[in-house]
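**Student:** Below are the structure tokens for one structure; questions will follow.
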Amino acid sequence: MEHPSDRERIVDATVYGMGKSAGNCTSELLALHLNQYYGKHYDICQYLEVMDNDLMPIYNKHYWGYRYNFYLSAMENCHPDYVKYLLDKRTLTVSDVSEILHRIPEERKLHYNVDIIEDLYIKHQSSFAFEGSGFNELQGILKGKNVILIGPGGSLYDNIDLVRHEQEKLDAVLISTNFAPKEFECDFVFCSNAKRYNRMVDSLSAEPFGNKLIITSNVNAFDIKPDYTINYQFLLEKENYLIDNALILCLSLLSKIGIGQVKLVGFDGLSNTEKDYFDVSYSFHFSRDDRDDINSRTKDSLAKLSKEVDIEFLTASIYQE
């Protein structure tokens, strides 16, 4: 052995690693290692029988084992709820999550505190904020125009002809939020979410990006460079808006530009059904409480913005009053 000892050693292991959260050391792998390198004679088939007959029915209902969220928690030596809070935002890349966790004070890492992680998250999102290079140009292009905003809701597919009809009738500018629909030639794509940006890069890397890209300054752009970058904090301006909601951030931008009327398509709201998104790969699962909270807060933010912009839903939405 690498570190010989005359004392007995006890290893905490379970068959198939059964155990809370990330699980335990696996007995069958440990036994196999001891058989191969230390002359032991454990009957591996007995472990496999236990796995097949007794554990798999439990495992299929109550998963345990290694997951990258527990890896992140172990890597940064912090409480796993810090990782959960950041991943639940659905806005951050894994490298962003790791960077934020690294900033938690050492003395607070093992004792979860929601105020600490929320403050670090907001600071991270704002850390890229600067004056930007696009607001004045966009204002010159869009002011006085009719705008149709396109979201990824399931109602989009049922109303493609309606969007095209409204666009032609109003000579409207089409802006999609956090995705680039292939069904339309959008004038702009507005992106305020790093994860969505990464997905667009992956899906469009093999073909030219034909839309003008607007990003908020909390998104770190790489392969697809933005045509316009807007200061993230400029869109919030101390309002109690949903800081992670692309619809609200984009409407805030259009309000500041001076757009009078905006029509919305595909902003269905969250019901946790397959109809929430026209493309299931865009979907996120939320708990019922989180879903209801997001729907309610989105309604509140839209009510505030409706005092500055005439907002009309062309498709049904939970966000409608």
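**Student:** Let me make sure I get this right: for region 75-163, a, b and c are the square roots of the gyration tensor eigenvalues over alpha carbons, sorted descending. Under 1.5 in a/c it's rounded, otherwise prolate if a/b > b/c, else oblate. Which is it? Before the final figure, lay out the partial values.
**Tutor:** Numbers: a/c = 4.07, a/b = 1.88, b/c = 2.16.
Here region 75-163 falls in the oblate category.
**Student:** Of [x] 25.1, 87; [y] 21.9, 67; [z] 28.8, 110, which is the value of Rg and Dmax of the Cα atoms in Å derived from the coordinates here?
**Tutor:** [x]
**Student:** Next question, about the same structure. Over the Cα atoms of region 1-147, what radius of gyration and what Dmax do you get, in Å?
**Tutor:** Answer for region 1-147, Rg first and Dmax second: 24.5, 84 Å.
**Student:** Can I ask one more? Gly134's amide H: which non-local residues (gap 5+, or another chain) put their own amide H closer than 5 Å, with H modeled 1.01 Å from N in plane and none for Pro or chain starts?
**Tutor:** Counting only residues 5 or more places away or on other chains, the set is Thr229.
**Student:** Any chance you could run the full-extension gain for Gln261 through Ser5? It's 0.36 nm times the residue separation minus the Cα-Cα distance, nm to one decimal. Mind showing how you got there, number by number?
**Tutor:** Details: separation 256, 0.36 × 256 = 92.16 nm, distance 7.77 nm.
Here the answer is 84.4 nm.
**Student:** What nm distance separates the two modelled labels at Asn35 and Arg164, each placed 7 Å from Cα along Cα→Cβ?
**Tutor:** Distance between the two pseudo-spin positions: 6.4 nm.
**Student:** Across 10 Å bins from the origin, how do the percents of Cα pairs in region 1-65 run, short distances first?
**Tutor:** The distribution over region 1-65 is 20, 45, 26, 9, 0, given as percents.
**Student:** For a label point 7 Å from the Cα of Asp88 along Cα→C-beta, name the residues of region 43-75 whose backbone N is under 13 Å from it.
**Tutor:** Zone members listed by number: none at all.
**Student:** FRET efficiency for Asn53 and Met75, Cβ-Cβ distance as r, R0 = 41 Å, nearest 0.05? All intermediate terms of the calculation are to be shown ahead of the outcome.
**Tutor:** Details: r = 36 Å, r/R0 = 0.87.
Once the sixth-power term is evaluated, E becomes 0.70.
**Student:** Along the charge dipole of the chain, which of Leu314, Phe234, Val265 sits closest to the positive end, that is, farthest toward it, with unit charges on the beta carbon of Lys, Arg, Asp and Glu (+1, +1, -1, -1)?
**Tutor:** The one lying farthest along the dipole's positive direction is Phe234.
**Student:** With a sphere of radius 13 Å drawn around the Cβ of Tyr68, what net charge do the other residues whose Cβ falls strictly inside it have (Lys, Arg +1; Asp, Glu -1)? Display every interim value, and only then the final one.
**Tutor:** Details: positive: Arg67, Lys84; negative: Glu76.
Summing Lys and Arg as +1 and Asp and Glu as -1 gives +1.
**Student:** Suppose the chain between Tyr42 and Lys225 were pulled fully straight at 0.36 nm per residue; how much longer would it get relative to their current alpha carbon spacing?
**Tutor:** Details: separation 183, 0.36 × 183 = 65.88 nm, distance 5.82 nm.
60.1 nm is the gain from fully extending Tyr42 to Lys225.
**Student:** Once every DSSP H run of n ≥ 4 in the chain is given -39500 (n - 2.57) and the sum is divided by its residues, what mean residue ellipticity at 222 nm do you get, rounded to the nearest 500 deg cm²/dmol?
**Tutor:** Details: 14 runs with 131 residues, N = 321.
Calculated at 222 nm, the ellipticity per residue is -11500 deg cm²/dmol.
**Student:** For an R0 of 51 angstrom, estimate the FRET efficiency from the Cβ-Cβ distance between Lys61 and Gln139 and round to the nearest 0.05.
**Tutor:** 0.35
**Student:** When the Karplus curve 6.51 cos²θ - 1.76 cosθ + 1.60 is applied with θ = phi - 60°, which whole-Hz ³J(HN,Hα) does each residue of region 67-73 get, with x for Gly and Pro?
**Tutor:** Once rounded to whole Hz, the list reads 9, 5, 5, 6, 4, 4, 4.
**Student:** May I pose another question? Choose one of Leu32, Ala74, Ser5: the residue whose Cα lies farthest towards the positive end of the charge dipole of region 1-93 (beta-carbon charges +1 Lys, Arg; -1 Asp, Glu; about the Cα centre).
**Tutor:** Looking along the dipole axis, the top candidate is Ala74.
**Student:** Now a separate question. With a 1.4 Å probe and all protein chains kept in place, how much accessible area does Arg108 have, in Å² rounded to the nearest 10?
**Tutor:** The accessible area comes out at roughly 90 Å².
The values are calculated or read from the model by the stated rules, or taken from the named source; none is laboratory data. Keep in mind that this is a model prediction, so the values were computed, not measured. Cβ sites come from the backbone with ideal geometry, for glycine too, and all protein chains shown count toward neighbours. Each accessible area value is taken on the protein alone, full model and side chains, heavy atoms only, with ligands, DNA and RNA left out. Shrake-Rupley method; radii C 1.70, N 1.55, O 1.52, S 1.80 Å.
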